[in-house]
Amino acid sequence: MDQGTIQILFALLRSGLSGAKEALAQTVAPEQLQEIMQLAKRHNLTHLAALGADRNAETTKKIMLTTAYRQEQQKAALDQICDQLEKAKIPFLPLKGAVIRSLYPEPWMRTSCDIDILVHRQDLDRVGQCLRQTLQYTENGRGTHDISYLTPNGVYVEMHFDLVEEGRANQAAFILQDVWNHAALRSGSEYWYEMSDPYFYFYHIAHMAKHFETGGCGIRPFMDLWFLDQTAIERYVNREALLAQGNLLPFANAARKLSRVWFGGEEHDALSAKMEDFVLRGGAFGTTGNRVALQQKRRGGRLGYFLSRVFLPYSRLKRYFPILEKHWYLAPVMQVRRWLWLLKPDMAKRAKHELNANTRMADQKAAQMQEFLDQLGL
């Protein structure tokens, strides 16, 4: 990817965030701007790039209206959920964009694909009843650490019962299992909790690390990190201690370096240049090729990776099928049930794409990806 294009993209993003026009952002040729906007779109940052390019353009005004409308929809849904969970006396803890957008110059600048909220595992049935019956939400599927819902007007909501799966992001799961003991009630609320700053920061880093291990991360988490680090003066020591305890300090340092390169004007080092290439090629959600390359070496090559995807370990299988927590002997039945998911067209297409990537993956690329993870401390 052309370095000049990358530099202009981040000049536009910085201009969009600050309102100050940078020299690079003033010299964009129309044909280059189209390429830059396509890259920004892959990372869900079209609104900031357009704002940095020309605040007064009609296309920018249309993008801003669309972004603001989506943000208002999400805010209304979040307010509705929080109100209902308070009434139902269910403890809850908003996550990610719902919290971090308050650090941005304007809250609408920090867009989100969905609303993320943490609840206790034992409250999941009551939460589901509240969302489905009271708010008319539709359950949209269960993941390894959350249950997703869709509001009547199309906003996605993820109700998390865990923050990071076991085996991801070093010791993150061990640290974050204690998160409720490091949360406090929000002022004026009886059931709305907020994470302590060190835990919120640790969770942000752990979430980035998890996505690195599974194929990609996107630009937005680095932007979040930039704003989080502006508040770090009196909190730095506590944040660092928790990162060290979770064995995520090397990754955090590398991520902070790239954040400063993109949003603070620092020069690249060798590792930040590798991270940049990995993130920009992967888009907001990463790529199957990256994910396979990162995991193939860890699983013992192509065959090991294939078997690990066919036969999920019990620790992951039980997250899809919670009944296994009490009835572990049903694991073989649930493996078969999981295989039946492949009868769904979208799941079959995804599995085929991943299998093809595993077959075609060059040993050299898998080894390079493993070396990259090693350098990041993952």
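The values are calculated or read from the model by the stated rules, or taken from the named source; none is laboratory data. Keep in mind that this is a model prediction, so the values were computed, not measured. Glycine gets a Cβ as well: all are built from the backbone with ideal geometry, and neighbour counts include every protein chain shown. Quick note on the areas: whole protein, heavy atoms, side chains included, nothing else; ligands and nucleic acids left out. Shrake-Rupley method; radii C 1.70, N 1.55, O 1.52, S 1.80 Å.
I need the full set of residues from the range 325-338 which are open to solvent by less than 60 Å² (accessible area, probe 1.4 Å) and either under 20 Å from L163 (Cβ atoms) or of a type in the set (G, A, S) (or both), in order please. Can you show your working first?
To start, the set of residues in the range 325-338 that are open to solvent by less than 60 Å² (accessible area, probe 1.4 Å) comprises 330-331, 334-335, 338.
Of everything in the range 325-338, just one residue is open to solvent by less than 60 Å² (accessible area, probe 1.4 Å) and either under 20 Å from L163 (Cβ atoms) or of a type in the set (G, A, S) (or both), namely A331.
Hey, which of the helices (runs of 4 or more DSSP H) in the range 209-281, taking only ones fully inside, have at least 2 residues that are within 23 Å of L39 (Cβ to Cβ)? Lay out the reasoning, then the answer.
Values: elements: 220-229, 236-245, 249-264.
By residue number, 220-229, 249-264.
Pick out, from the range 84-192, the strands (runs of 3 or more DSSP E) lying fully within it that include 2 or more residues that are touching a Pro at 6+ places or on another chain (Cβ under 8 Å) and modelled with pLDDT under 90.
Numbers: elements: 92-94, 114-119, 138-142, 146-150, 156-160, 183-185.
Filter on the range 84-192 gives an empty set.
Determine if the range 19-26 includes at least one residue that is touching a helix residue (DSSP H, G or I) at 6+ places or on another chain (Cβ under 8 Å), open to solvent by 20 Å² or more (accessible area, probe 1.4 Å), modelled with pLDDT of 90 or more and closer than 28 Å to M208 by Cβ.
no
Only one of T138, T134, T111 is among the polar types (S, T, N, Q), open to solvent by less than 10 Å² (accessible area, probe 1.4 Å) and in contact (Cβ under 8 Å) with a residue 12 or more places away in the chain. Can you tell me which? It would help to see each step written out before you state the result.
Working: T138 fails: open to solvent by less than 10 Å² (accessible area, probe 1.4 Å); T134 fails: open to solvent by less than 10 Å² (accessible area, probe 1.4 Å).
Among T138, T134, T111, only T111 is among the polar types (S, T, N, Q), open to solvent by less than 10 Å² (accessible area, probe 1.4 Å) and in contact (Cβ under 8 Å) with a residue 12 or more places away in the chain.
Does the range 118-129 contain at least one residue that is among the aliphatic types (A, V, I, L, M), in contact with a helix residue (DSSP H, G or I) (Cβ under 8 Å, 6 or more places away or on another chain), more than 25 Å from R14 (Cα to Cα) and in contact (Cβ under 8 Å) with a residue 60 or more places away in the chain? Break it down into steps so the answer makes sense when it comes.
Taking the range 118-129 and keeping what is among the aliphatic types (A, V, I, L, M), we get 118-119, 124, 127.
In the following step, the residues that additionally are in contact with a helix residue (DSSP H, G or I) (Cβ under 8 Å, 6 or more places away or on another chain) were identified as 118-119, 127.
Among the residues that remain, those that are also more than 25 Å from R14 (Cα to Cα) are: 118-119, 127.
Then keep just the ones that are in contact (Cβ under 8 Å) with a residue 60 or more places away in the chain; that gives 118.
Yes, there is a match, as at least one residue in the range 118-129 is among the aliphatic types (A, V, I, L, M), in contact with a helix residue (DSSP H, G or I) (Cβ under 8 Å, 6 or more places away or on another chain), more than 25 Å from R14 (Cα to Cα) and in contact (Cβ under 8 Å) with a residue 60 or more places away in the chain.
Answer yes or no: is there a residue in the range 51-73 that is in a helix (DSSP H, G or I), of a type in the set (A, V, I, L, M) and touching a Leu at 6+ places or on another chain (Cβ under 6 Å).
So in the range 51-73, the residues in a helix (DSSP H, G or I) come out as 51-53, 58-73.
Right, trim to of a type in the set (A, V, I, L, M) and you get 51, 53, 63-65, 68.
Within this subset, residues satisfying the condition of being touching a Leu at 6+ places or on another chain (Cβ under 6 Å) are 53.
Yes - at least one qualifying residue is present in the range 51-73.
Mind listing just one residue for me: the one in the range 212-228 that is aromatic (F, W, Y) and open to solvent by 10 Å² or more (accessible area, probe 1.4 Å) and, of those, farthest from Q7 (Cα to Cα)? Can you show your working first?
Of the range 212-228, the ones aromatic (F, W, Y) are 212, 222, 226-227.
Filter once more, so that each one left must be open to solvent by 10 Å² or more (accessible area, probe 1.4 Å): 226-227.
Details: W226: 17, F227: 20 Å.
Only one residue tops the list, namely F227.
Looking only at the range 148-194, how many residues end up being open to solvent by less than 30 Å² (accessible area, probe 1.4 Å) and within 30 Å of D374 (Cα to Cα)? Explain how you work it out, then say what you get.
As a first pass, look at the range 148-194 and keep what is open to solvent by less than 30 Å² (accessible area, probe 1.4 Å): 148-149, 151, 155, 157, 159-161, 163-165, 169, 172-173, 175-176, 179, 183, 189.
Imposing the further condition that a residue be within 30 Å of D374 (Cα to Cα) reduces the set to 160-161, 163-165, 169, 172-173, 175-176, 179.
Final tally of qualifying residues: 11.
Quick one: how many residues across the range 229-280 are open to solvent by 70 Å² or more (accessible area, probe 1.4 Å) and either touching a strand residue (DSSP E or B) at 6+ places or on another chain (Cβ under 8 Å) or among the basic types (K, R) (or both)?
The total comes to 3.
Can you tell me which residue in the range 98-108 is surrounded by the fewest Cβ atoms within 10 Å (Cβ to Cβ), limited to those that are out of contact with any His (no Cβ under 9 Å at 6 or more places or on another chain) and in contact (Cβ under 8 Å) with a residue 40 or more places away in the chain? Walk me through it before giving the result.
So the first thing to find is which residues in the range 98-108 are out of contact with any His (no Cβ under 9 Å at 6 or more places or on another chain), and the list is 98-99, 101-107.
Pick out the ones that are also in contact (Cβ under 8 Å) with a residue 40 or more places away in the chain and you get 99, 103-105.
On the way: V99: 17, L103: 14, Y104: 16, P105: 12.
Among those that are out of contact with any His (no Cβ under 9 Å at 6 or more places or on another chain) and in contact (Cβ under 8 Å) with a residue 40 or more places away in the chain, it is P105.
Which pairs turn up if I take residues in the range 55-72 that are closer than 21 Å to E22 by Cβ and charged (D, E, K, R) and look for partners that are modelled with pLDDT of 90 or more and not in a helix (DSSP H, G or I) with beta carbon separation below 8 Å, at least 6 apart in sequence or on another chain?
none
For the range 148-193, give me the residue count where each residue is without any contact (Cβ under 8 Å) to a residue 12 or more places away in the chain and among the aliphatic types (A, V, I, L, M).
2
Taking D83, is it open to solvent by 10 Å² or more (accessible area, probe 1.4 Å) and within 25 Å of T231 (Cβ to Cβ)?
Values: open to solvent by 10 Å² or more (accessible area, probe 1.4 Å): yes; within 25 Å of T231 (Cβ to Cβ): no.
No, not satisfied.
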